[in-house]
């Protein structure tokens with residue numbers, strides 16, 4: 001039996017989008033008139049076909065039923081949670097690594113005063129939430145024990161969680177428990193709840209919002225030779241299977257965020273295909289998060305124009321994904337990304 005996937009495409013943004021929605025010439029993404037679409041791409045493992053939304057009724061009964069089910073997920077409003085506002089695109093998740101060895105800012109903010117100042121700066125620059133982590137999961141990194149990870153974040157987390165909305169970046173169930181007790185608003189597990197078998201149960205018992213990320217392999221070997229039959233559809237299938245499993249064990253809330261895991265077991269081709277076709281994940285019915293900040297793909301593309309902070313590549317990819325309806329961007333340079341977003345939105349406003 002052929003498996004069909006629905007990717008929304010041909011987006012309109014800003015004033016033009018609102019006009020088209022009001023004239024019933026395009027459909028709003030997640031109920032937001034400021035971003036809409038008038039085409040979908042129907043994808044199988046062997047073919048692709050672009051269809052205008054006003055032509056869907058001409059499809060076969062079974063295919064039309066599948067597409068309309070996906071469109072319900074794509075157009076339905078998302079309820080706010082974890083300090084994210086889903087009537088606004090994009091939200092920003094500010095990165096604060098309390099590690100000596102993270103790929104970009106390791107050792108820069110792992111002292112108490114510097115960490116508190118950076119978290120405050122990220123929030124005041126426009127971050128909705130600050131993502132704190134005590135274990136590096138960059139390519140080639142080795143796992144650390146739970147005691148060391150907690151010692152890196154414990155004191156700072158206790159101070160910040162009282163006054164700043166915090167996301168906790170960890171793969172370990174006991175670290176999650178402790179963070180949840182301190183009031184963190186989101187759990188961000190880069191392993192997709194695969195690293196520690198107890199993580200799903202912890203999230204279920206506490207009814208905690210979380211990010212479900214795709215990752216192939218472990219950080220120490222994930223970039224050795226990543227392979228997919230079709231990275232876009234394989235990763236979509238991973239999410240669908242994982243979401244079904246989470247429902248089966250009793251996690252029935254919709255406070256789940258989908259992250260395709262740019263750079264986590266992906267080469268340049270995989271990353272580019274995911275970014276270019278990121279809108280396929282809207283049909284899963286959950287907010288999408290992308291961690292594009294300072295990533296290797298920017299270096300691979302820019303080559304001799306690479307730079308330490310890769311702000312240009314981060315801004316460019318962030319604005320592209322904003323125009324594809326990505327609700328959350330996980331970024332280091334919140335002020336610069338917010339600057340780019342504001343300028344772009346002003347240009348297309350009228």
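Where a number appears in this text, it was derived from the coordinates with a stated rule and is not lab data. Source: prediction; values computed, not measured. Reconstructed Cβ throughout: ideal geometry from the backbone, glycine too, with neighbour counts over all protein chains shown.
The simple spin-label model puts a point 7 Å past each Cα toward its Cβ; for residue 306 and residue 225 those points are separated by 2.3 nm. For the stretch 1-149, report the % of Cα-Cα distances exceeding 18 Å. Here the tail beyond 18 Å accounts for 69 percent of pairs. Stretched out straight at 0.36 nm per residue, the stretch from residue 24 to residue 253 would grow longer than its current Cα-Cα span by 79.3 nm. Taking 60, 318, 76 in turn, the Gaussian network model of the chain (Cα-Cα springs below 10 Å) assigns the largest fluctuation to 60.
Using a simple spin-label model with pseudo-atoms 7 Å out from Cα toward Cβ, residue 85 and residue 54 lie 3.4 nm apart.
Once both labels are positioned 7 Å from their Cα atoms along Cα-to-Cβ, the gap between residue 144 and residue 62 label points is 5.3 nm.
Could you tell me which of rounded, prolate or oblate describes the stretch 101-239, using a ≥ b ≥ c as the square roots of the eigenvalues of the alpha-carbon gyration tensor, with rounded for a/c under 1.5 and, failing that, prolate when a/b is larger than b/c and oblate otherwise? Because a/c hits 1.5 or more and a/b exceeds b/c, the stretch 101-239 counts as prolate.
Look at 236, 344 and count the other Cβ atoms within 10 Å of each Cβ; fewest to most, that gives 344, 236. Taking the DSSP bridge list for the chain and keeping only pairs wholly inside it, about 40 percent are antiparallel. Cβ-Cβ distance of residue 269 and residue 46, R₀ of 22 Å, FRET efficiency by 1/(1 + (r/R0)^6): the value works out to about 0.70.
Going by the alpha-carbon gyration tensor, a ≥ b ≥ c the square roots of its eigenvalues, is the stretch 91-347 rounded (a/c under 1.5) or, if a/c is not under 1.5, prolate (a/b greater than b/c) versus oblate? Verdict is rounded for the stretch 91-347. The helix-based estimate of mean residue ellipticity at 222 nm for the chain, built from -39,500 (n - 2.57) per DSSP H run of four or more residues and divided by its residue count, is -11500 deg cm²/dmol to the nearest 500. Centre-to-centre, using Cα atoms only, the stretch 195-221 and the stretch 112-181 are separated by 16 Å. Normalised by the number of residues in the stretch 214-350, the average gap of Cα pairs under 8 Å and 6 or more apart makes the relative contact order 23 percent.
As a proxy for reagent exposure, 199, 44 were ordered by neighbouring Cβ count within 10 angstrom, fewest first; the result is 44, 199. For the chain, the longest principal axis of the alpha carbon atoms and the long axis of helix 334-347 meet at an angle near 20°.
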